[in-house]
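Below is one structure, written out as structure tokens; comments come after it.
The values are calculated or read from the model by the stated rules, or taken from the named source; none is laboratory data. The shown structure was predicted, so the numbers you read here are calculated from the model rather than taken from an experiment. With ideal geometry, Cβ positions are generated from the backbone for all residues, glycine too; neighbour counts draw on all protein chains shown. Note: accessible area is taken over every heavy atom of the protein model, side chains too, but ligands, DNA and RNA are not part of it. Shrake-Rupley method; radii C 1.70, N 1.55, O 1.52, S 1.80 Å.
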Amino acid sequence: QGGDDDTTVRPLLGDIIDKISTTVDPFRNQNVKFLYASSTVGILIGDWTWIEGLKYLGARKVIVMDTLKPFLAAIVGWVFFDEEFNNPLTAFLGVVLTVAGVALVGFEVEYDDKEEHDDGDNGRGKTTVVKTTKTTLYYGIFMSITNVILHTLGASLTKKFGDGMTTW
């Protein structure tokens with residue numbers, strides 16, 4: 001009796017899989033390679049540059065750089081995807097307010113050019129002081145700017161080549 005149930009289930013399951021694969025198979029779409037590139041550039045490499053920026057700049061400065069992403073995305077959308085602002089005045093006001101907020105955070109006075117971090121020395125809480133040099137500062141800025149560019153590029157690839165695709 002188990003064989004009868006097995007023979008009726010397998011064709012039904014096979015029919016379902018055949019139906020799904022003809023309409024959903026992601027490997028039949030030629031644009032999938034661009035989504036792989038988007039995830040590699042935007043997430044894998046982009047997030048690595050973000051972490052490098054955090055390591056050398058600190059969270060506050062990297063967050064200031066991250067606020068550039070919406071502006072760059074809007075410019076890329078306008079230049080490459082023929083997008084328009086519904087209300088340019090509101091968009092301009094949003095840019096001004098965002099820039100003002102970023103400036104307030106970015107121009108905060110730092111009392112020390114050193115960063116402290118816990119070196120994890122057997123849980124004793126020993127603290128070491130790391131001196132920020134110009135080289136590490138420039139490297140952190142470069143990584144942070146690279147992160148902004150790579151995330152925007154990844155999102156642009158998804159927008160351009162992911163149209164009409166589902167999560168399948």
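Electrostatic tally near L35: other residues with Cβ closer than 13 Å to its Cβ, Lys and Arg +1, Asp and Glu -1, net +2.
Peptides 153-163, 91-101 ranked from most to least packed by the mean count of surrounding Cβ atoms within 10 Å: 153-163, 91-101. Peptides 82-89, 42-49, ordered by how many other C-beta atoms sit within 10 Å of their residues on average, highest first, read 42-49, 82-89.
Across F142, F71, the residue with the most accessible area heads the list, and the full order at a 1.4 Å probe is F142, F71. Annotation: for a label point projected 7 angstrom from Cα along Cα→Cβ of K134, residues of segment 45-75 with backbone N closer than 20 Å are 56-58.
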